[in-house]
Every structure is written in C-alpha cells, then in structure tokens.
Amino acid sequence: MASLLGRFCRKLVVPGSAHGSRMISTTACDSEAVKSLNLYSAINQALHIALETDPRSYVFGEDVGFGGVFRCTTGLAERFGKNRVFNTPLCEQGIVGFGIGLAAMGNRAVVEIQFADYIYPAFDQIVNEAAKFRYRSGNQFNCGGLTIRAPYGAVGHGGHYHSQSPEAFFCHVPGIKVVIPRSPREAKGLLLSSIRDPNPVVFFEPKWLYRQAVEEVPEHDYMIPLSQAEVIREGNDITLVGWGAQLTVMEQACLDAEKEGISCELIDLKTLLPWDKETVEASVKKTGRLLISHEAPVTGGFGAEISATILERCFLKLEAPVSRVCGLDTPFPLVFEPFYMPTKNKASSSSSLSSPLKKKHYLIMGLHVWCRYWMQSSPLLITSHSICFFR
Amino acid sequence: MALSRLSSRSTTLLQPLATTSLLRRRHISTDTTPITVETSLPFTSHLISPPSRAVETSSQELLSFFRDMALMRRMEIAADSLYKAKLIRGFCHLYDGQEAVAIGMEAAITKRDAIITSYRDHCTFLGRGGGLFEAFSELMGRTTGCSKGKGGSMHFYKKDASFYGGHGIVGAQVPLGCGLAFAQKYSKEEAVTFTLYGDGAANQGQLFEALNIAALWDLPAVLVCENNHYGMGTAEWRSAKSPAYFKRGDYVPGLKVDGMDALAVKQACKFAKEHALKNGPIILEMDTYRYHGHSMSDPGSTYRTRDEISGVRQVRDPIDRVRKLIIAHDIATEKELKDMEKEVRKEVDAAVAQAKESPIPEPSELFSNIYVKGFGAEVNFISPLETTLSFGADRKELRATLP
C-alpha cells in the first residue's frame, strides 16, 4: 500500500510564501552538489531520476532510443533497457493513445512528441480520453501516470511547423495539467513533479533554450510544486506575467524599464492549468498594472484567460487596461519571424508600460538593430537565486 | 538537319546535330522511334497482375530523362551549398537519389493529373514544370518564389500544373489526395491523383482512413509510397511490422517498383493510372533511396553506413542507369552527356544568381492571405511595430503606439 502511495507522492513539499522565494523540496540542502547544465541535460537528468526511482515508468516516442532529436533522452535506453525506453513508429495519435493505456494500468508513461507542432493528431486522445478518463469512470480508472513532453516555441528559423506554441489549446481542457518551465533548474524540478503528479500532464519545453540556457542545477532528486507561480523579480509599478522562453525577453524589457525608473514585477506562471491566480492577483493589487506576454497568437491565447480573471478579481485596483504583448494573429511565419515575435521593444512600448501617468519615453531601436540583437545577443537572466547564462 | 534513323537494335551511330552551326544548341535527339527496354527487376504485385517488364521509350525520352534528372540532382546539390551558406534557412529536405520517381511519374501522366506530396518536394515541383528560379527564390524566401516566399522549402505549389504541394506534417497529404481524387471523379475529368508519402508516413492512421474511403468510393487515387527505407533516422524494419508497403492496402491492390529505374516507374505509373480510372485506388511502392540525410541538419550517416550509401550510388544510381542505357543504345556519346551536365550546371548557377538578387517579401505580406480580403477580418498594417494586433468579434483595434 505504502509503495502504491509512494509511487505517486514520493517527496513532500512544504508550501510557503510564493513571493520571492524558490520552492524546493524540503530534503534539499544548500550544500548539495550542483552542476552547470543546459536545458536538455537537466531534462535528461530528470528522466534518469524518474526511471530510477520508479521501476514501472517508461519513456517512449519517436527517436528517443538514440537520445532524441534534442538529446533529452540520451543514455536512458542504455541504462534502463529497450523494454523501458523505446522508439515508436511515426504516429502521434497512436503513441499518446498507447501511453494512456499504459498509464491506465498504473504505470508512469512519459511520452515524447517530437515537436509540439505535431501534437494535433494526438489532440483527440488527450482531450477526449486522457482528460476525461477519471471523471467518466467515477474514479475507477485514471491515466494519471501519463506525462506528454513536447518541445515548443520559436527557434529563429523553424517556420510554420517547428515553432508553434499550442499551450492555449490544452489550457481549455479540464482534466489535464499544462506545465512550462523557464530554465534548466525549473525544468528538472517541474518535470519530476509532472511525472509524479497523479494527473495527466502536458509538459512543454522551450526548444530555444535547450542549448542556450545554462544554469546551476542541483544533482539530487527534487520537485518543484505545480500550480505555484513564482515572482522572479520584485517591483512596484507593473506586473509582467509570462512563461517559458518568453521570460528572457520580458526580463530584458524589465531591465530597460528599470533604466527609465519603472520597477517591474516579473512572475513566472510555470503551471498554466490550473494556474496560480492568487499570486498574480496579489501582485496586481500591489502594482495596479498587468502585462502578459506569450509567443502564441494573441487572439484566444492564454493571456486572454489571465486578463479576464484578473479583471474580475482586481478591477478596482487596475490603473490601466491589461496589456497583452503576444504573437500576431497569423500562422507562424517563415521569413517574417522577427516581425511576428513579441520582442522586448513591443513590451516596452505597450500601453501599460508607457502609460501617460508615468510620462516615460522609450528609445525604440531601429528594426535592423533589434533584428540583429534578437539573432545574436547573449542576454543575462538573473533570477532571485541563480544566474542563468545564455550563450 | 540530318536526322539518322535509329532502329531498335541498330548499331549505327546517331549523327549529332553538330552539322548545324548553332553551337549553343543542345544535341538532343528528337527521334521518337520506340525503343523497348526491359526493366532490371520484375514488378511484384498484390491482388493484381503486374504490368509487363518491357517498357516502350524513345531516344528523345531517354535524353530528356537524363537531362531532367541531372537538373534535379544539380538543383539539390546547389540547395545543399546554399543551406550551408545560410542563404536558405529553416528546413531543407533533399531529394537526390530519388529523381527517377519524379521523372518516371511525369512521363506517364499529364498536367491534368494531380500530384500531392510531402515536404521533399523540390524535384516534384521541377517535374511538374516548375522553374529553377522560382524554386531557388522560394527556398531563399524571396517574393519571386512559387509560394511568394511564404512557404519555404516544404511548401512548393504549382496550381496550373495541378501540383498541390508540399506538406510539412507527415501523412497529412494523404487524405487530401483522396479528396482531390474524389473531385476529379465527380467532375468526370478522366484524371487521377498521385498521392506521395514516405515509409515513415505509412504508419500514420490517417493514411488508412483515406485508403478505406478511396476504396469504398472507387476513387481514382494512386497512393505512392516512396520507400527510401528510412523514416528520418529510423530504418523501416524498426518502425513497421510489415515493410511490404504495397501490401498494406489489404483490399487495395498494390505494386512494388524499382524506384531507381525511371522506366520502371513510368510503366508502373501508366499502369496505375489506367487501373485507377477504371477500378479505384492502387498503391505503388517505389523502392528508392536518398543520398542526403533526412534534412540538412541530418548528416545521414549515423543510422546507416557510408558504404551503404556509396554502394547504392555505384550500383543503383538513377542517372547512371539512364546514362548507360543511352550509351548502350548509341543515342549520345559519353562526352555529349557530360556536356549536357555542364550545361545543366550553368543553368542552375544562373538561376541561383538570379534568385539571390530577388527581393524579400514586403512586411505587409505577413498579414496577407490568412483570410480572404473583404470578409471582415482585415488587419491594418502600419509598420512592424505598429499594427492592429488582433481582429476579434469586438473589432477592437489594439495598436502599439510609438512615442
């Protein structure tokens, strides 16, 4: 019995204040070994730990056997065997359906979809089967052991089918969870939490950060709680909410705004469904302004949900309309990617940040300058506890 | 101009058109006397009697095969260098090694028959009559490209030649192809649709759904599996329980063809077209091979040995096969063929140079052709930083203003 429970809640996490502090498992100690890892290595480590700690967990998907196209699954097949880490044929619907079945038998199935753009054949399985299994069987059956991992987001040259951000489609489905990490350390903890969470989770990994983001990642087994947003930068004038790779862009906008004397509070949502409304609400009640930024197109993007909820909760405290700096309402373009992307300049010049009350003006760099910046820059992301370098 | 007559077993040398003083003219034979060639391998069939191994061709056809395949080969190699020079960005999937499939198919059908294929579409586009300049422009994302620079490598289209592209999502084009076939049957066009997919896509569920529909309604659809034995990095034996893709149709007849032999492909496609027009769908499995990796980010040697690649190149290369045929039938000399290849190279280089000079699309093109103009979904484009950010039911304009 205890092992059954143990399988699903291995580590207890003490909830604490969400402001300014990193939520780490209580069994972590500061003297634990840390290693400088990039995102795909952190995820790889998380998968190693997940397979190690639960003998009934499996990793499968297209090309995972040799390490995967992004190397997230290197070494797993060699270490745990072809019976637990195996390749599937090219059939997303089949892969996810198969994972649901495996999870329904009490196993932990970690499914990889090679690019989030290819997740749509599996959409039916996720929405109609995975999300509703527990509900419709009156809790007799569930596929809580299912975790679907997919690289998402722009990468500079991905075009229509290697750059999409489909998180909004999944946030509309009660019954699953949607988790998006922003950095290697977060990714490892969030992935372990997602795998061990007794609900099916869709885990989107920002592919742009696979190699670019490097951070000190603790080597031990730790989990970061789901549905808890983190304030990664405290401020008083405006709240910025984002997730995944977009946070690095927003961090830049915050630094720029800082120079103009605007103090920005930056929140990483981490879990989009169910999302931490309290943290964002508390922050907006303090600052009075909200700016949401994501790569997905603005209409119907998850920013709309955040905006509507905050409006309901903080109407009287808002000093300006909620601003959304998002991708444009077009298919993800090929040559036009720099125009499509919500860059820091778009964030800086949005109505919330340039409200007449503040009378701030921003120098907007010429297109060619920020284009070059976008392609070649190496910005620093400073979180409250660690430094994350982008090579 | 003196044209020597060539009989099928004649050993007389073709008098080249060098008798003319037009030094720039290609020495292509316009002789259409039929030559019969046997395909190197017999056809294997499923639920149907295979066509004969004896293929009728002519010197003109063989020379055009050679020239067009050499053009395709050169184009792909030029695309390879352009990609490495970062003039082509994004993804680039090369077709060299598989040219015989595109060429043989074209020889058997008309421009009214539709072709729809996957992302490995550069040569299919060329086969359908697409120009080198349009192809290179599209690869480099210029306005002069066939999809106006908005599609890229994976999305080449040519409406007037019934070429329906160019699809990035694996297997998604198969149900589309069956839909095209339905439309052709409904309009009594006496045309068929060739739907191409790969061995990786052969395991997609939507393929079987489309197959069932096509068979149920007797659609003139020819499903062509271009089996190059590797789905990206996965060999067919690792991903398919039954790698006999021509038999996968179960109740749908199938034919296995040596995809490196342009004449075999031509024969099979001709046979398939006749069958599809009368009896409904048929599956063709083209046993072919790609020399490059899956795409330009794939070296192509981590999942197969270099010996295997060079082995296929030496023994089964489609262009060499046609070259040998041409020389064996004394249609042209080795030197003339080499000259032809040099000419092709110049043509490709000229097209590349011209494409490099072409303009990139206007920024306002980002918003064009999402919807049809005039139906309420207008987007006001002012500049890349200042534009209407959304068009929703409330028609509210959100504009990012610059101070």
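The values are calculated or read from the model by the stated rules, or taken from the named source; none is laboratory data. Here the structure is a predicted model, which is why all the values come from computation and not from measurement. Reconstructed Cβ throughout: ideal geometry from the backbone, glycine too, with neighbour counts over all protein chains shown. Each accessible area value is taken on the protein alone, full model and side chains, heavy atoms only, with ligands, DNA and RNA left out. Shrake-Rupley method; radii C 1.70, N 1.55, O 1.52, S 1.80 Å.
Worth a mention:
Okay, residues lined up against (1) modelled with pLDDT of 95 or more; (2) crowded, with 16+ Cβ neighbours inside 10 Å:
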site	(1), (2)
B:330	no, no
B:333	no, no
B:350	yes, no
B:361	no, yes
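- For residue A:199: the one exception among (1) more than 14 Å from chain B (Cβ to nearest Cβ); (2) open to solvent by 10 Å² or more (accessible area, probe 1.4 Å); (3) closer than 28 Å to residue A:339 by Cα; (4) of a type outside the set (A, V, I, L, M): (3)
- Whether a residue is in contact (Cβ under 8 Å) with a residue 60 or more places away in the chain and in contact with a helix residue (DSSP H, G or I) (Cβ under 6 Å, 6 or more places away or on another chain) was assessed, and residue B:312 does not pass this test.
- Residue count, the stretch B:34-74 (criterion: under 13 Å from residue B:325 (Cβ atoms) and assigned to a loop (DSSP other than H, G, I, E, B)): 2
- Number of positions in the stretch A:205-247 that are in a loop (DSSP other than H, G, I, E, B), free of Cβ contacts under 8 Å to residues at least 60 places away in the same chain and either of a type outside the set (A, V, I, L, M) or within 10 Å of residue A:39 (Cβ to Cβ) (or both): 4
- With a requirement of 2 or more residues that are modelled with pLDDT of 55 or more, the helices (runs of 4 or more DSSP H) lying completely within the stretch A:1-101 that satisfy it span A:39-53, A:76-80.
- Residue-level check: of (1) open to solvent by 40 Å² or more (accessible area, probe 1.4 Å); (2) touching a strand residue (DSSP E or B) at 6+ places or on another chain (Cβ under 9 Å), residue B:68 misses just (2).
- In the stretch A:162-196, the residues that are in contact with a Gly (Cβ under 7 Å, 6 or more places away or on another chain) and open to solvent by 10 Å² or more (accessible area, probe 1.4 Å): A:165, A:168
- For the stretch B:289-322, filtering for residues that are away from chain A (no Cβ under 14 Å) and within 17 Å of the chain's Cα centre (by Cα) leaves 7.
- Count - residues of the stretch B:221-260 that are within 11 Å of chain A (Cβ to nearest Cβ) and in contact with a His (Cβ under 9 Å, 6 or more places away or on another chain): 5
- Single unsatisfied condition, residue B:151 versus (1) in contact (Cβ under 8 Å) with a residue 24 or more places away in the chain; (2) closer than 23 Å to residue B:77 by Cβ: (1)
- Identification of helices (runs of 4 or more DSSP H) wholly contained in the stretch A:248-352 with 3 or more residues that are under 25 Å from residue A:204 (Cα atoms) and not charged (D, E, K, R) yields A:302-314, A:337-340.
- Checklist (1) away from chain B (no Cβ under 11 Å); (2) crowded, with 21+ Cβ neighbours inside 10 Å applied to residue A:92, failing item: (1)
- Any hit, the stretch B:187-196, residues being open to solvent by 20 Å² or more (accessible area, probe 1.4 Å) and on the phi < 0 side of the Ramachandran plot: yes
- Residue A:159 being surrounded by 22 or more Cβ atoms within 10 Å (Cβ to Cβ) and out of contact with any strand residue (DSSP E or B) (no Cβ under 8 Å at 6 or more places or on another chain): yes
- Positions within the stretch B:75-104 being surrounded by fewer than 22 Cβ atoms within 10 Å (Cβ to Cβ) and not in a loop (DSSP other than H, G, I, E, B), in sequence order: B:77, B:78, B:80, B:81, B:82, B:83, B:84
- Residue list for the stretch B:303-322, restricted to those being open to solvent by 40 Å² or more (accessible area, probe 1.4 Å) and in a helix (DSSP H, G or I): B:306, B:307, B:308, B:310, B:313, B:314, B:315, B:316, B:320, B:321
- Some residue of the stretch A:151-166 being away from chain B (no Cβ under 12 Å) and either assigned to a helix (DSSP H, G or I) or free of Cβ contacts under 8 Å to residues at least 60 places away in the same chain (or both): no
- Any chance residue B:295 is under 22 Å from residue B:120 (Cα atoms), open to solvent by 40 Å² or more (accessible area, probe 1.4 Å) and either touching a residue at least 40 places away in the same chain (Cβ under 8 Å) or not in a loop (DSSP other than H, G, I, E, B) (or both): no
- Considering only residues in the stretch B:156-191 that are of a type in the set (A, V, I, L, M) and more than 27 Å from residue A:121 (Cβ to Cβ), the one that is nearest to the other protein chains (Cβ to nearest Cβ) turns out to be B:161.
- Of note, residue B:213 does not satisfy the criterion of being facing chain A (nearest Cβ under 9 Å) and among the β-branched types (Val, Ile, Thr).
- Residue selected from the stretch B:105-129 under the condition open to solvent by 10 Å² or more (accessible area, probe 1.4 Å) and without any contact (Cβ under 8 Å) to a residue 60 or more places away in the chain, by the criterion nearest to residue B:262 (Cα to Cα): B:106
- Checking each residue in the stretch A:249-267 for being in contact (Cβ under 8 Å) with a residue 40 or more places away in the chain and either among the aromatic types (Phe, Trp, Tyr) or surrounded by fewer than 24 Cβ atoms within 10 Å (Cβ to Cβ) (or both) picks out A:249, A:252, A:256, A:260, A:261, A:262.
- Scanning the stretch A:108-130 for residues that are open to solvent by 10 Å² or more (accessible area, probe 1.4 Å) and assigned to a loop (DSSP other than H, G, I, E, B) yields A:114, A:115.
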